[in-house]
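Asks: Take a look at the following structure, please.
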Amino acid sequence: MDGDEKGAYSSEAQEPITMRKGSIGMGEAADLYGDADAEKYGYVSRGLKSRHIQFIALGGTIGTGLFLGIGTAFVHSGPLSVLLGYTFTGIAIYCMMQCLGEMATWLPLPGAVPQYCARYVDPAMGFAVGWNNWYSSALTLCAEISAAAIVIGFWNDTINQAAWITIIIVVIIALNIFAVSIYGEAEFIFASIKILTIVGLLLLALIIDLGGAPHEGRLGFRYWKHPYAAMLEYVGKGNTGRFAGLFSTLVNAAFSYGGVEMVAVAAGEAENPRKNIPKAVQRVFWRILFFYVLGSLAIGMIVPANDPNLLSTLPGAHSSPWVIAIQRAGIPVLPHIINAVILTSASSSANAFLYTGSRYLFALAQNGQAPRVLLKCTKKGVPVWCVLITASISLLTYMTVSVGANDVFNWFQTLTTITSLFTWVSICIAYLRFKAALEAQGVSRDTLVFKSKWQPYTCYIALVYFIIIIVFNGWKVFTNGNWSVQDFITAYVVIPIYFAFYGFWKILKRSKFVKASEADIWSGKAALDAEVWPGNNPRNWLEKVWFWIA
């Protein structure tokens, strides 16, 4: 057997079969489309290695929310409210990812979420969540490019932003259009930079807090005490105002966590998904704890919530709480380095959301809910039309040239936050139906490669939490003196859009709610079950450490 071949075993007959390199993808396509269409359209390639998946999971969603957007939350709510808001949302995210991880290891499909909703709940939900996810990713792509345009102004605000926007768009299209392995390598590098930066910033925050910086001396919890406050009043007074401040952080936290489901979207192009996806999902807890919870705690200890720079409209990272803390501590040069990392972070997130948006579109085409031509893949396994159509939405970012990058970034942030919440709600509902389908079809969850914990309770907790945020995210416009038509539309326009998609497909196709006993939990699974992936056996302690990380 040569290097391009590897032995595998049929999941049914347990007889040896031989698969040529790349044939597993075509096998999956044949399971889904039939041999003729598989030959005509091609299929995505499992070109994402373990380290790609692990670093996409670790750093893929560390974007502008944690570096830039979190500052506004501190001004409105105070450090303790932000810490609690990120912690509560992180717990709900962890519960949701446990559900998604179980489905993604059973059947790792490209795009994933629309497929699960269509198969296990209702084809109309698959249609709604698929198009919701697609335009959410496309708008987040715009938000991140817009953020990058803001950040570049830190160094040079004389060159027209359209030039920087064009460069970023061209670069991320190039990273996505040639091969998924190129996208994976780019995200591996970007994520490595972001992870090292966050670790460095947390250590720096500890040093500043303990008095190791040139200015200010030992801080401790100074900014949580009088004349400051741990929980600020927002809109209302007293406990009501403090609760409103806490609740307002939940939407901001949801934006920062947006795209956390990205690792499941990539499962359809991952090598050995039955091993690598559970590994990535299990680490979600530590990522949330280390990056978001400790990050929000660190910022609250080194920057007072009343620092006017947190609401700065100057270009670049002037409003980043990390940069403000470094400037207050009197440490030179570092703000430029942090600004460069934020630029890298925004570009990385834009790259990632172009990838996920294109795969959601691909999933819709697989469901028969988008033009079939979108199934067309290049020889390297890239769904080329899906990538180009999603990338075309990024042209909306040129609005920043005339309207102002900060304003457009805020619009995109609110819109994409609510679409992310709808995605997470849909995942929870799909999981409940998936669990019911396993029981109805005689599949014990004890036999699963990855069995999520404390189900279905964790699923219900996440589901209720996300629904509460969706319903009440625009609460401020209903208070005295705060009515704004623009804010109301931005907060709630996603809700009718989602249900309009659902109703359109329901009426057009007269789709029915899927019975658990009839849910399709098998199509596309046989080819993957037949594959045997080579194991990685570490040869020394360095490789043991690396294999544990990646």
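Asks: Can you classify region 78-232 as rounded, prolate or oblate using the Cα gyration tensor, where a ≥ b ≥ c are the square roots of its eigenvalues, rounded means a/c under 1.5, and otherwise it's prolate if a/b beats b/c and oblate if not?
Replies: Note, shape of region 78-232 comes out oblate.
Asks: Could you work out the mean projected area of the convex hull around the alpha carbons of region 481-530, in square nanometres to one decimal?
Replies: With the hull built on Cα positions only, its mean projection is 7.0 nm².
Asks: Compute log10 of I(q)/I(0) for region 222-354 with the Debye formula, placing one identical point scatterer on every Cα and leaving out solvent, at q = 0.11, 0.17 Å⁻¹, to two decimals.
Replies: -0.56, -1.13
Asks: Find the relative contact order for the chain and round it to a whole percent, using C-alpha pairs within less than 8 Å whose residues are 6+ positions apart.
Replies: 32
Asks: Set the bar at 23 Å for Cα to Cα. Now go through 376/506; 376/525; 40/379; 49/380 and name every pair that lies beyond it.
Replies: Checking Cα-Cα distances, 376/506 exceed 23 Å.
Asks: Please give the net charge around residue 386, taking every other residue with its beta carbon less than 11 angstrom from that of residue 386, where Lys and Arg add +1 and Asp and Glu add -1.
Replies: Summing Lys/Arg as +1 and Asp/Glu as -1 gives +2.
Asks: So which chymotrypsin sites (Phe, Trp or Tyr not before Pro) in region 330-375 end up in coil per DSSP with only 14 or fewer other C-beta atoms within 10 Å?
Replies: Of the chymotrypsin sites (Phe, Trp or Tyr not before Pro), not one in the loops of region 330-375 has a Cβ with at most 14 other Cβ atoms within 10 Å.
Asks: Now for a separate question. Using a 1.4 Å probe on the protein chains only, how many percent of the accessible area of the chain belongs to carbon and sulfur?
Replies: On the chain, the fraction of accessible area on carbon and sulfur atoms equals 64 percent.
Asks: Please report, in cubic angstrom per residue, the volume enclosed by the convex hull of the alpha-carbon atoms of region 75-157.
Replies: Here the figure is 157 Å³ per residue.
Asks: Under 18 Å Cα-Cα from residue 476, which lysines qualify once same-chain neighbours fewer than 8 residues away are excluded?
Replies: Within the straight-line cut-off, residue 476 pairs with 237.
Asks: I would also like to ask the following. Taking 0.36 nm per intervening residue step and subtracting the Cα-Cα distance, what contour gain separates residue 453 from residue 216 on full extension?
Replies: Length gained, residue 453 through residue 216: 80.8 nm.
Asks: Quick one: compute a quarter of the convex hull surface over the Cα atoms of region 185-297 and quote it in nm².
Replies: Seen from a random direction, the Cα hull of region 185-297 projects 9.9 nm² on average.
Asks: So what is the calculated 222 nm ellipticity per residue for the chain, using -39500 (n - 2.57) for each DSSP H run with n of 4 or more, over all residues, to the nearest 500 deg cm²/dmol?
Replies: Calculated from helices alone, the mean residue ellipticity at 222 nm is -20000 deg cm²/dmol.
Asks: With every protein chain left in place, what is the accessible area per residue of the chain in square angstrom, probe 1.4 Å?
Replies: Counting only protein heavy atoms, the per-residue value for the chain is 40 Å².
Asks: Here's something else I'd like to know. By how many degrees, between 0 and 90 and to the nearest 10, does the Cα long axis of helix 161-177 differ from the longest principal axis of the chain?
Replies: 30
Asks: To continue, here is another question. Using square roots of five times the C-alpha gyration tensor eigenvalues, list the equivalent-ellipsoid semi-axes of region 175-248 in whole Å, biggest first.
Replies: 39, 24, 7
Asks: On to the next question. Which values of log₁₀ I(q)/I(0), to two decimal places, follow from the Debye formula for the chain at q = 0.08, 0.10 Å⁻¹ with a uniform point scatterer at every Cα?
Replies: Here the Debye-derived log intensity ratios amount to -0.51, -0.81.
Asks: Moving on to the next point. I'd like the Kirkwood hydrodynamic radius of region 426-535, using the inverse of the mean 1/r over distinct C-alpha pairs, in Å.
Replies: By the Kirkwood definition, the hydrodynamic radius is 17.9 Å.
The values are calculated or read from the model by the stated rules, or taken from the named source; none is laboratory data. Note that the coordinates shown come from a computational prediction; the quantities given were computed from them, not determined experimentally. Here Cβ is always computed from backbone atoms with ideal geometry, including for glycine, and neighbour counts include all displayed protein chains. Side chains included, ligands, DNA and RNA excluded: accessible areas come from the protein's heavy atoms. Shrake-Rupley method; radii C 1.70, N 1.55, O 1.52, S 1.80 Å.
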